[in-house]
Structures are given as C-alpha cells and as structure tokens.
Amino acid sequence: MLIEIATDMIKINNQIEFRVVGGGNIPAIQLPNLKFVGYVDDLRTEILKATICLMPFPKNAVCGGARNKFCDYVALGKTVVTTTEGLRGMKVLTDNQNCLVANTVTEMAITIQDLFENRGKILQIEREVFLIRNFFSWEERARKVESIFRRLTLK
C-alpha cells in the first residue's frame, strides 16, 4: 500500500518523502520520494526525525507484530496516520483525536497532504498523543508485567 501512496503523493506534492526503516525485501519499483533505509542502530532517532508516521495496513493484513511500531510512534509522541486495521486492538487511540484513520490509498494521500498544509493539526494531535504516550512506553509495559508477576508470586 505504501508504494501506491508514494506514487499518488508524487502527483500531489513532490516535496514529501517517505522513509522505510527496518529489514525486509526492497521492492524493485524505485520512486524518487520513497527511500528504503534498512536497519538502523537507533530507531528512536529515526522515528523522531519523522514529521508523521504511517501504519498503512490493508484489511487483509496480519500485523500483530507491526503494532509494536505503532506503540513506538505513540510513545515518542508522533502523529500517526493508520488504516482501521492498523488501529485494531489499540483501544486508547481515537480517530481525529490522537491519530488519523485513512483506509484507502487516496484517503492516505489526502490526509498526508492535509497535514503538510496544516502543521497545526500535527501539533494538536501530538498534544493529545503526549497525554497517552506512557500507555505505550516499554518502561510502563515492563512495570505492568512486573506488577502482574509480583502478584502471582505472592499468592
């Protein structure tokens, strides 16, 4: 889906660049606005460089592990544009409050362009994300797991 979004964005706004960080196969298609960075030593720094983060999953995606990326994005206070599938299971997130939902390639491109033109909307969502960021921080998750283990071992 990202290749299609990047293709649409070239027509709408050629100033927007997409960066894909992490492993996996690099598609044969080469687009001037789509860069495959590969593995990085410091994922946090790469995420913080982004203006917005995308979770463009189609309805038939099986992406449980990919939601870890979503957690990282939110924990770092980023505005995330996702599909409904990317949002599944992320109960603390609400469309147009602390994330944005766009389900088609066209909706994604329009949403990205809207954010490009309206940086205030990014800041507004980031303020809301800031309020829930600890829900997705690994430190907070570790504390909750530790608490569960302590309760179980004290019985």
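The values are calculated or read from the model by the stated rules, or taken from the named source; none is laboratory data. Predicted, not measured: the structure shown is a model, and the values here were computed from it. Here the Cβ is made from the backbone with ideal geometry for all residues, glycine too, and neighbour counts use every protein chain on show. In case anyone asks, the SASA skips ligands and DNA or RNA and just uses the protein heavy atoms, side chains included. Shrake-Rupley method; radii C 1.70, N 1.55, O 1.52, S 1.80 Å.
As a test question: what accessible area, to the nearest 10 Å², does Glu4 have when a 1.4 Å probe is rolled over all protein chains in place?
Looks like 90 Å² after rounding.
Which log10 I(q)/I(0) values, to two decimals, does segment 6-155 give at q = 0.09, 0.11, 0.14, 0.17 Å⁻¹ under the Debye formula with one point per Cα?
Per q value, in the given order, log10 I(q)/I(0) is -0.32, -0.46, -0.73, -1.05.
Using the structure shown, select from Lys35/Lys69; Lys59/Lys144; Lys69/Lys144; Lys35/Lys91 the pairs with a Cα to Cα distance greater than 28 angstrom.
Listed pairs above 28 Å: Lys59/Lys144; Lys35/Lys91.
Which value, in Å² and to the nearest 10, is the accessible area of Leu31 when all protein chains are kept and the probe is 1.4 Å?
Approximately 30 Å² for this residue.
If one takes the longest principal axis of the Cα atoms in the chain, at what angle in degrees, from 0 to 90 and to the nearest 10, does the Cα axis of helix 138-153 lie?
30
Using a 1.4 angstrom probe on heavy atoms only, work out the carbon and sulfur share of the accessible area of segment 1-142 in %.
Values: 4300 of 8100 Å².
Ligands and nucleic acids excluded, carbon and sulfur give 53 percent.
Considering only C-alpha atoms, what is the centroid distance from segment 68-138 to segment 20-40, in Å?
Computed from Cα coordinates, the inter-centre distance equals 22 Å.
Calculate how steeply helix 105-117 sits against the longest principal axis of the alpha-carbon atoms of the chain, using the helix alpha-carbon long axis, and give the answer as 0 to 90 degrees to the nearest 10.
Relative to the chain, helix 105-117 is tipped by roughly 90 degrees.
In what order, largest first, do Val81, Val145 sit by accessible area if the probe radius is 1.4 Å?
Heavy-atom accessible area, descending, gives Val145, Val81.
Search the structure for amide H atoms under 5 Å from the amide H of Arg19, placed 1.01 Å from N in the peptide plane, and list their residues when 5 or more places away or on another chain.
Lys35
Using the beta-carbon distance between Glu17 and Glu107 and R0 = 25 Å, what value does 1/(1 + (r/R0)^6) give for FRET efficiency, to the nearest 0.05?
Details: r = 20 Å, r/R0 = 0.80.
In this case the efficiency is close to 0.80.
Determine the sum of side-chain charges near Val101: Lys and Arg each +1, Asp and Glu each -1, restricted to other residues whose C-beta is under 12 angstrom from that of Val101.
So the surrounding residues net to -2.
Tell me the angle of helix 119-132 to the major Cα principal axis of the chain, expressed in degrees between 0 and 90 and rounded to the nearest ten.
Compared with the principal axis, the helix lies near 10 degrees.
Measure off 7 Å from each Cα along the Cα-to-Cβ vector at Val37 and Ile3, then give the distance between these two points in nanometres to one decimal.
2.2
Normalised by the residues of the chain, what does the relative contact order come to in percent, with Cα pairs under 8 Å and at least six apart?
22
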